[in-house]
Amino acid sequence: MIALLGQTVRDEIVHADGTEEVRCGGAPVFAASALASAGIRGMVVTKGGDDELHAELSRRGLPVLIGPADETFVSRLILKEHGERDHELANLGEPFTPTDVNGWARSSLENAATIVVGTQWRGDVPPETLAALHAFGRRIVFDAQGLARPGLGEVVPSGPLDPAWLTGVDAVKFSDEEAHALLGDTDTAAMERADVPIVLITYGEGGADIWTRDEPDILHIPADRIPRLADTVGAGDMFTALFAAALDQGEAPRAAAHTATHGVAEILRLRV
């Protein structure tokens, strides 16, 4: 089973046609949708949000465990044509703590073979919380999105990466912007600097790269281009979850990256 750990986010969306909506966002909602659509067993472990957002999250098809929190992470996005967007963080919510991991979330995390960590900002899952997760002895697949976001305001990826932020992680996923900010580049030397056995970098409709310690030559995986696609929100979260699930089902890392890349494309086609 896959455990999806991440904040329930209030996404305030302005679409390219000027219409506005509030919807449930954050790594768990998109990752849960991807796993459910593929028929993969999973469990969402989350905090933040309200009854309306939790109801939307529950409709994604996976069981949901909600921990206590007084604050909710708020993300505001202005969507443009061709998948571009302006993005700002309006509220940071409450970080996951070792007390969360070893308290209300413990049984769900211990029952998982793989834990997918989706972060929203740099302090979301701090090193001491990651150490508590690592102590369970489960595979940890980490989406580095939050590590490139130091705090409130306009989202402008920044670094550099502190290796302590990824201690004990088995696989990490960066977008190309996040990789440039945190690792300094997207080449082999940059991937090695992450100090994680498996490193993935996604390029939107440009596909993905994968590097592993066992196969240090970077493999590029092209993605199918989807015309007229404006809403790519959550694609990275879906990719990370599908990659983790493919590993969990016994696929080798490179094959798992192929599975994730093409799985995300199939989901995004439904948004055209």
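Bear in mind these aren't lab numbers, they're just calculated from the coordinates by the rules spelled out. What you see is a predicted model; the values in this text were computed from it and never measured. Quick reminder, even Gly has a Cβ in these numbers, built from the backbone with ideal geometry, and neighbours come from all protein chains shown.
The packing ranking, built from the mean of other Cβ atoms within 10 Å per residue, places the peptides 96-108, 133-145 in the order 133-145, 96-108, highest first. Selection among ALA112, ASN91, VAL169 by position relative to the dipole of the chain gives ALA112 as farthest towards the positive end (Cβ unit charges, Cα centre).
Each Lys and Arg adds +1 at its Cβ and each Asp and Glu adds -1 at its Cβ; summed about the Cα centre, the range 2-271 shows a dipole of about 680 debye. With only the Cα atoms considered, the range 117-194 has a convex hull volume of 75 Å³ per residue.
Placing +1 on the Cβ of every Lys and Arg and -1 on the Cβ of every Asp and Glu, with no other charges, gives the range 43-134 a dipole of roughly 300 debye about its Cα centre.
If you plug the beta carbon distance of HIS87 and ALA252 into 1/(1 + (r/R0)^6) with R0 = 25 Å, you get a FRET efficiency near 0.15.
Scaling against 2.2 N^0.38 Å puts the C-alpha radius of gyration of the chain at 0.91. Comparing VAL44, VAL22, VAL155 in a Gaussian network model of the chain where C-alpha atoms under 10 Å apart are linked, the largest mean-square fluctuation is found at VAL22.
If the segment from ASP50 to ASN111 were pulled out straight at 0.36 nm per residue, it would be longer than the present Cα-Cα gap by 19.4 nm. For trypsin sites (Lys or Arg not before Pro), the sites in the range 1-53 that DSSP calls loop and that have at most 14 other Cβ atoms within 10 Å are ARG41. Derived scalar couplings between HN and Hα for the range 131-138 equal 4, 5, 5, 4, 5, 6, x, 9 Hz in order, rounded to whole Hz, by the Karplus curve 6.51 cos²θ - 1.76 cosθ + 1.60 (θ = phi - 60°), x for Gly and Pro.
Annotation: the residues ARG213, ARG85, ARG149, sorted from fewest to most other C-beta atoms within 10 Å of their own C-beta, follow the order ARG213, ARG85, ARG149. Legend: calculated FRET efficiency, ASP217 to ALA164, from the Cβ-Cβ distance at R0 = 45 Å, rounded to 0.05, equals 0.95.
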